[in-house]
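Everything below concerns the one structure shown next.
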Amino acid sequence: MSEHENKKFTNVERLRSPERLGRLDLERVIELCLAGEGDKLQKVLDVGTGSAVFAEAFANKGLEVTGVDENPEMLEAALRFVPQADLRQASAEALPFSEGEFDLVFLGMVLHEVDDPVKTLEEARRVAKTRVAVLEWPYREEEMGPPLAHRLKPETVAELARQAGLSRLETLPLSHLVLYRMEQ
């Protein structure tokens, strides 16, 4: 294995480590993303899919999954876990999809990383028919995750959502993360 391939494997391995997966509370996140909409949510866009942890969980629920990521190496890794998914290289700020193409647009641990969070949420709103869900770190200093300066305050997320034209924001605290559920 080349040094480059080894580094790629290490990144994917880190993103899918049992400790990290345990902190993500996957089943609960998926349940909350889909809650209240029953069978209406069939098509999901996973923005910043990375190694496809969430895309795989949505696919395991029988949903049609599309994923985007800027990193082609992550998309290559993601394909190993969700070969049935439509995976594309794209920026969160410029999604290559039609208006209302997805029932749910999911951003897992992405919003604090993007250059333009309002544009990212505007794009998510544009391609979402029903719901946008944003999973983020809580706004508190912790051993795991980004430093406090890179985390988003709940009121900041609410203001970004308002600026992006999203309504009915629900803040759902989890054990280690926070899920923001927004409606069109």
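Just for strands (runs of 3 or more DSSP E) wholly inside the range 67-184: which have at least 1 residues that are among the aromatic types (Phe, Trp, Tyr), in contact (Cβ under 8 Å) with a residue 60 or more places away in the chain and closer than 19 Å to residue 50 by Cβ?
Per the criteria, 102-108.
Among (1) surrounded by 15 or more Cβ atoms within 10 Å (Cβ to Cβ); (2) within 19 Å of residue 11 (Cβ to Cβ), which single condition is residue 76 missing?
Failing condition for residue 76: (1).
What are the residues in the range 29-56 that are closer than 17 Å to residue 137 by Cα and part of a loop (DSSP other than H, G, I, E, B), if any?
Listed by number, the residues that qualify are 48, 49, 50.
A quick yes/no check of all residues on (1) aromatic (Phe, Trp, Tyr); (2) more than 16 Å from residue 184 (Cβ to Cβ); (3) exposed (fewer than 14 other Cβ atoms within 10 Å of the Cβ):
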{"site": "134", "(1), (2), (3)": "no, no, no"}
{"site": "139", "(1), (2), (3)": "yes, yes, no"}
{"site": "149", "(1), (2), (3)": "no, yes, yes"}
{"site": "152", "(1), (2), (3)": "no, yes, no"}
{"site": "164", "(1), (2), (3)": "no, no, no"}
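Taking residue 125 and the conditions (1) over 24 Å from residue 150 (Cβ atoms); (2) of a type in the set (Lys, Arg); (3) under 14 Å from the mean Cα position of the chain (by Cα), which numbered condition does it fall short on, given that it satisfies the others?
Condition (1) is where residue 125 drops out.
Right, residue 53: free of Cβ contacts under 8 Å to residues at least 60 places away in the same chain, farther than 20 Å from residue 169 by Cβ and of a type in the set (A, V, I, L, M, F, W, C) or not?
yes
Here, each number is a calculation from the coordinates, and none is a lab measurement. Bear in mind the structure is a predicted one, so any value in this text is a computation, not a measurement. All Cβ positions, glycine included, derive from the backbone under ideal geometry; neighbour counts span all protein chains shown.
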